[in-house]
Amino acid sequence: MDEKVRQRQALFELREKTLGQILDETVARIPDKEAIVYADRNYRQTWREFADTVDLFAKGLMALGVQKGEKVAVWASNVPYWVTLQFATAKIGAILITVNTNYREHELEYLLNQSECENIFIMDSLRDHDYIDTLYTLAPELRYQSRDRLSFERLPHLRRVCFLGAEKHRGMYSVPEILSMSVMTDDAEYQARQDSLDPWDAINMQYTSGTTGFPKGVMLTHVGVGLNGYWIGRNQRFTDEDRVCLPVPLFHCFGCVLGVSACVNHGACMVILEAYNPLHVLAAVDSERCTALYGVPTMFLAELEHKMFKRFDVSSLRTGIMAGAGCPPELMKRAAQPDEMNMTGIVSVYGQTESAPGSTMSAWTDPLDLRTETVGYAFPHVQCKIIDPETGEELPNGEVGEFCSRGYNIMKGYYKMPDATFKTVDEDGWLHSGDLLMRDDRGCFVATGRLKDMIIRGGENIYPKEIEDFVITH
């Protein structure tokens, strides 16, 4: 199988494109097909409408003064304009920092300062957490300073604050204001900015926890995010006829790469839910005739076990991804049953944020046992191996060891943390996952455990050290 995988990889050229170029190609091909849908809001855009909004947003950001290489944090659930911002920042070479919606004041302060972030977009609130009040607490100067000349004592790098919606808040720019400012940036200036971009530039930073207790900013590139999304979509046979239900958080790679990038690469429609609710997921699949559904195991279980499950027609489903945590084979097989969720082509993806995130995956046409009992095989242009964690020696098939990978998908490093980067990516470019896997004789990988001291809750990584450090401050 290894030789077959190598031959397969040799058939495909490494696609070195920016996210903006990927979007433009899709728009040119299918301008009038639906690109993005919020079923509960009846918010819909075609690919042309979506791309036009992206361009206005990008030019508005340039008018605000956002430079190539500046960081733009987004602290919001899956609200409209989240995906627009993802591509608007990519088109002008800014780095989108995706902020965990569960973050509290001290975590947000750490992230904004460690990343030296100059810009932030926020929503109003999520559940019992008021984001507006949190930011005013962190940056009280917002209440009285002019928004075009902001300076904060606790956030010395922050220069601009924006609200990811139409509402106006003191000290913040709203989305309609930013869109209207696009007239201040001419087309030639905008095109020159796009022409200056390198596909290997970092355009996304995601903060991932570690055993040190200090989250690290993972720097991902256009190629990493774009090409990973291409293969994820290809392995599910996405076309412009597909409609993909995305109830997973966009701030994770699961949402913005496995979901958004895969759809944009292949022209599949994104059916997005602002927050997870099993009933809303089932209703969206039914009403929008979704052909694919994403989620972590606990999401799928909640949907399958919901007392109203049988009232919804999910027969349109054919594929989708269960990932983000250990996937029980029996649960995947259950979702694949025609009389359950009909996801006969369900697959899983294995990797980590540092690998953008996928390193291995099965295809929707592979045998069911391969798709449910393994995490598939290496992506094209990605090398994978199993090593002895003590000696570093590569292990043969059938032996359990640490999973390592290298290729286009590997991060550029942790932002401003060279020591941590060196401990994770060795001098030969191999990313050490800290996970225990085994490769079988088919070349497929089986996840068996973790070297790291970590708890996974609903797809979220929780490290005891972080909890202990916080409890000590009480």
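The values are calculated or read from the model by the stated rules, or taken from the named source; none is laboratory data. Just so we're clear, the structure is a prediction, and the values are computed from it rather than from any experiment. Reconstructed Cβ throughout: ideal geometry from the backbone, glycine too, with neighbour counts over all protein chains shown. For accessibility, only protein heavy atoms count, side chains too; no ligands or nucleic acids. Shrake-Rupley method; radii C 1.70, N 1.55, O 1.52, S 1.80 Å.
Sort out for me the Cα centre separation of the range 104-127 from the range 282-341, rounded to whole Å.
For the range 104-127 versus the range 282-341, the Cα centre distance is 33 Å.
Measure nothing fancy, just the Cα-based angle from helix 222-234's long axis to the longest principal axis of the chain, in degrees from 0 to 90, nearest 10.
Around 50 degrees separate the two axes.
Place a label point 7 angstrom from the Cα of GLU16 along the Cα-to-Cβ direction, then list the residues of the range 317-359 whose backbone nitrogen is under 20 Å away.
Output list for this probe position: 356.
Let me check I've understood the local charge: for TYR43, count other residues with C-beta under 14 angstrom from its C-beta, Lys and Arg +1, Asp and Glu -1. What total comes out? Write down the numbers at each step before the final one.
Details: positive: ARG41, ARG44; negative: GLU34, ASP40, GLU49, GLU274, GLU288.
Summing Lys/Arg as +1 and Asp/Glu as -1 gives -3.
Using 0.36 nm per residue, how much length does the chain from MET184 to VAL446 gain when fully extended, once their Cα-Cα distance is taken away?
88.9 nm
Would you mind telling me the share, in percent, of accessible area of the chain contributed by carbon and sulfur at probe 1.4 angstrom? Before the final figure, lay out the partial values.
On the way: 9670 of 19160 Å².
Heavy-atom surface of the chain belonging to carbon and sulfur, 1.4 Å probe: 50 percent.
Add +1 for every Lys or Arg and -1 for every Asp or Glu among the other residues with Cβ under 13 Å from the Cβ of THR421, and state the total. If you can, show how the numbers build up before the last one.
Details: positive: LYS216, LYS412, LYS416, LYS423; negative: GLU354, ASP419, ASP426, GLU427.
Summing Lys/Arg as +1 and Asp/Glu as -1 gives 0.
Hey, can you grab everything whose amide H is under 5 Å from the amide H of ALA35? Only 5+ residues off in sequence or another chain; H modelled, so Pro and N-termini drop out.
Placed amide hydrogens put GLN45, THR46, TRP47 under 5 Å from ALA35.
Around THR344, under 11 Å between beta carbons, what's the net of Lys plus Arg minus Asp minus Glu among the other residues? Present the calculation step by step, with values, prior to reporting the outcome.
On the way: positive: ARG318, LYS333, ARG371; negative: GLU340.
Charge balance near THR344 sits at +2.
Spelling out what I want: for every residue of the range 353-358, take phi, set θ = phi - 60°, compute 6.51 cos²θ - 1.76 cosθ + 1.60 (Karplus), and round to whole Hz; glycine and proline get x.
3J(HN,Hα) across the range 353-358, in whole Hz: 3, 5, 10, 6, x, x.
What list of ³J(HN,Hα) couplings, whole Hz, do you get for the range 164-173 from phi and the Karplus terms 6.51, -1.76, 1.60, once you set θ to phi - 60° and write x for glycine and proline?
Karplus-based 3J(HN,Hα) across the range 164-173 equals 7, x, 8, 5, 9, 9, 4, x, 10, 8 Hz.
Taking every pair of alpha-carbon atoms in the range 50-149, what share in percent sits in each 5 Å bin, from 0 to the bin with the longest distance?
Computed distribution, short to long bins: 3, 12, 22, 23, 22, 14, 4, 0.
Give the aspartates and glutamates whose C-alpha is closer than 19 Å to that of LYS168, dropping any in the same chain fewer than 8 places away, or say none.
ASP124, ASP130, ASP133, GLU141, ASP148, GLU177
Would you mind computing the Rg to Rh ratio of the range 375-460 from its alpha-carbon coordinates, Kirkwood style for Rh? If you can, show how the numbers build up before the last one.
Values: Rg = 13.3 Å, Rh = 13.8 Å.
Rounded to two decimals, Rg/Rh equals 0.97.
Send over a whole-number figure in Å² for the accessible area per residue of the chain, probe 1.4 Å. Intermediate values should be presented prior to the final figure.
Numbers: 19160 Å² over 474 residues.
Here the per-residue accessible area is 40 Å².
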